[in-house]
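Contents: one structure, followed by commentary.
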């Protein structure tokens, strides 16, 4: 099984053996090439390959094509299809045409309990890949996503105008002195 690449010391866990300290692959084709070089090809023994946090895998499409089409493996992929701005995240959406079936799972909106299709980021950080839990992200429905974005933008506008007012006030005090 390919595991979550965002963890610093992940374990390779499979049905073949108990959790070990084996390397966890964040690049699928590297794993395939490494397995081919070894005489005891454990990849060859696998029937199913699971990928978690798939949005972080650079070669997701090529890897899934190779192991499903050429090697006959069943590949189960879990990952986000969009980021906090509702833009595509990684290449998860690119593998949909390869899939035999797709199940889109949703959380529950933390504010109202409806199905949550979106993630609201609760910080001012703007980089796409920001690792965090409930302290940083919140699952929300469409209504609360849109309202939340308005509230967040309004709060930042208010903070910026307060900061500007303080700066202007300070400059006036310096000019008077």
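All of the numbers you see were taken from the coordinates with simple rules; none came from a lab. Not measured: the values here are computed from a predicted model. Glycine also receives a Cβ, built like all others from the backbone with ideal geometry; neighbour counts cover every protein chain displayed.
Hey, fewest Cβ within 10 Å first, where do 136, 67 land in order?
The fewest-first ordering by Cβ neighbours comes to 136, 67.
Give, in nm to one decimal, the length gained when the segment between residue 131 and residue 160 is fully stretched (0.36 nm per residue of separation minus the Cα-Cα distance).
Contour length minus Cα-Cα distance gives 7.8 nm.
Using 1/(1 + (r/R0)^6) with R0 = 30 angstrom and r between the beta carbons of residue 122 and residue 78, what's the FRET efficiency to the nearest 0.05?
Step by step, r from the Cβ atoms, then E = 0.80.
Pulled fully out, how much extra length does the chain show between residue 88 and residue 110, if you take 0.36 nm times their separation in residues and subtract their Cα-Cα distance?
The span from residue 88 to residue 110 would gain 5.7 nm if fully extended.
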